[in-house]
1. Given the residues 188, 170, which is the only one that is under 20 Å from the mean Cα position of the chain (by Cα) and closer than 19 Å to residue 320 by Cα?
2. Check whether at least one residue in the range 324-341 is assigned to a helix (DSSP H, G or I) and crowded, with 22+ Cβ neighbours inside 10 Å, and report yes or no.
3. May I ask you to list the residues in the range 301-312 that are surrounded by fewer than 21 Cβ atoms within 10 Å (Cβ to Cβ) and part of a loop (DSSP other than H, G, I, E, B)?
4. Check off (1) in a helix (DSSP H, G or I); (2) surrounded by fewer than 20 Cβ atoms within 10 Å (Cβ to Cβ); (3) hydroxyl-bearing (Ser, Thr, Tyr) for residue 210 and give me the number that stays unchecked.
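The values are calculated or read from the model by the stated rules, or taken from the named source; none is laboratory data. Source: prediction; values computed, not measured. All Cβ positions, glycine included, derive from the backbone under ideal geometry; neighbour counts span all protein chains shown.
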Amino acid sequence: MKKILKMILGIIATIIGLTVLIGVIFITTSKEFGAKPKGADLKRIALSENYKMGKFLNPTETNVDGNINYWKTLREYFTTGNKVPDWSIPVNKISAAEISALPDTITKVTWFGHSTLLLEMDGKKIFIDPMLGDVPAPHPLLGSKRFNDTLPLAIEDIPQLDAVIISHDHYDHLDYGSIKKLKDKVGHFYVPLGVGSHLKSWGITEVKITEMDWWQTTNVGGIQLTAAPARHFSGRGLTDRMKTQWSSWVIKGKKDNIYFSGDSGYGNHFKKIGDTYGPFDLAIMECGQYDEQWPLIHMMPEQTVQATIDANAKLMLPIHWGAFKLSLHSWQDPIERVTTAAHGKDIKVTTPIIGEPVIIGSRAPNATWWVKNK
C-alpha cells in the first residue's frame, strides 16, 4: 500500500513539475509576451513623473488587485448563464473600397467589437486597439472565444493605415497576431511609454513608433493626438505588471474632437481632460468587464455615464463589451445598464452593431440589436 501511495504521489509530482516546466518555457520563449523596456528606453521612462520605484502610477492612488475572492471568481466565471450569447451576434460587413472612398470632410468611427475601432478623420485612417484575434490571451486555451463568427472586414482586406493607437498592453487591446498581420500596412504606431518595446520585439522598426507620456501631444497629418491619464494597469506576463504605461487619448481633427478612454476606473482625471481638451463631439468610453471586486480599474456602467458627462461630451459610444467574456456579468449587462443610466441625462448614447458606422454630426445608430430575434 505504501509503495502504491508513493508511486501515485510521484506521478502527481512529476505532472506538476512538467506543467510548471512547460509554463516557464512558454512564458520565456513565446513571442506573445512581448518584451520589457530596457537600456535607453528604460532610462527615458525613468524621467517620467508618472514612473516611481520601477513602475508606473495611476493619477490617484489605486489598489489594482481590488478585493478578489479567487475561488469564488473562478467558480462563477465557468458557471452557466448568459455571460456568452447563445448566438453569433450580428455584424455589419464593410469593404476596403468604401473606406477608401470616404470624403475628407466626414469623420466616421466603425466599432469592430470590444475596444477596437477604425477612425476615419480628415482623410486619415487610424486603427485604435486593433485586437482582431479570436481569443484575448497568450494561448487559445487560456481565454474565451469571440462572440461573433466574423469581423466587419477581414484583417487581410484592411487597407493601408496612417496610424495605429494603442491604449495599453493587455491582451484584449494589444494582440500579437493582429499586429504581425497589420504592421506592414501601418504608417506609424502611437503608444504609451514602454509599449514600444513589445512592438520592436515583434519586428516593427523604432522609427515607426512614437511613445508618449500623459499630457504629451503630437501631430498625425494635421490631427492633434494627446496621450491622457487613465486609471488602470498593464502587464502581459508574471513579472511586468505596471512596467509600461496605460493611456486614454484625445484625437482632435480640423472640425471634430474625439475622446477614447481606453481602460479606466472612474476618477477625477475625466473632468480634468474635459476641462482641458473638451468639449468632445464623441466620447468612446469603456463599459464592460467590471465587477464589485475590482471597482477601481474598470467602471460600472453608471460611472461610464458620469465620466462622459465629466469629459464634456455630446455623444457616447460604449465599448469594451460585446466581444469577449472577461468578467462575471451577463454579456448584455453593460449596454442595458449604460443606456438606462443615460436616460434623462444631457447625453446621447449610440449603440451600433459591430461594423455599423457612426458618423459625427449625422449618424448615431441606437437600435437594441443585442435583444435576440428583435
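1. Working: 188 fails: closer than 19 Å to residue 320 by Cα.
On inspection, the qualifying residue turns out to be 170.
2. Applying the first criterion (assigned to a helix (DSSP H, G or I)) to the range 324-341 yields 333-341.
Among the residues that remain, those that are also crowded, with 22+ Cβ neighbours inside 10 Å are: 334, 338.
Yes - at least one qualifying residue is present in the range 324-341.
3. Quick first cut of the range 301-312, residues surrounded by fewer than 21 Cβ atoms within 10 Å (Cβ to Cβ) only: 302, 306, 309, 312.
Once the filter is applied, which keeps residues that are surrounded by fewer than 21 Cβ atoms within 10 Å (Cβ to Cβ) and part of a loop (DSSP other than H, G, I, E, B), the range 301-312 yields only 312.
4. Unmet condition: (1).
The rows are residues; the columns are (1) at pLDDT below 95; (2) touching an Asp or Glu at 6+ places or on another chain (Cβ under 6 Å); (3) surrounded by fewer than 20 Cβ atoms within 10 Å (Cβ to Cβ).
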site: 233; (1), (2), (3): no, no, no
site: 238; (1), (2), (3): yes, no, yes
site: 244; (1), (2), (3): no, yes, no
site: 250; (1), (2), (3): no, no, no
site: 255; (1), (2), (3): no, no, yes
site: 270; (1), (2), (3): no, yes, no
site: 281; (1), (2), (3): no, yes, yes
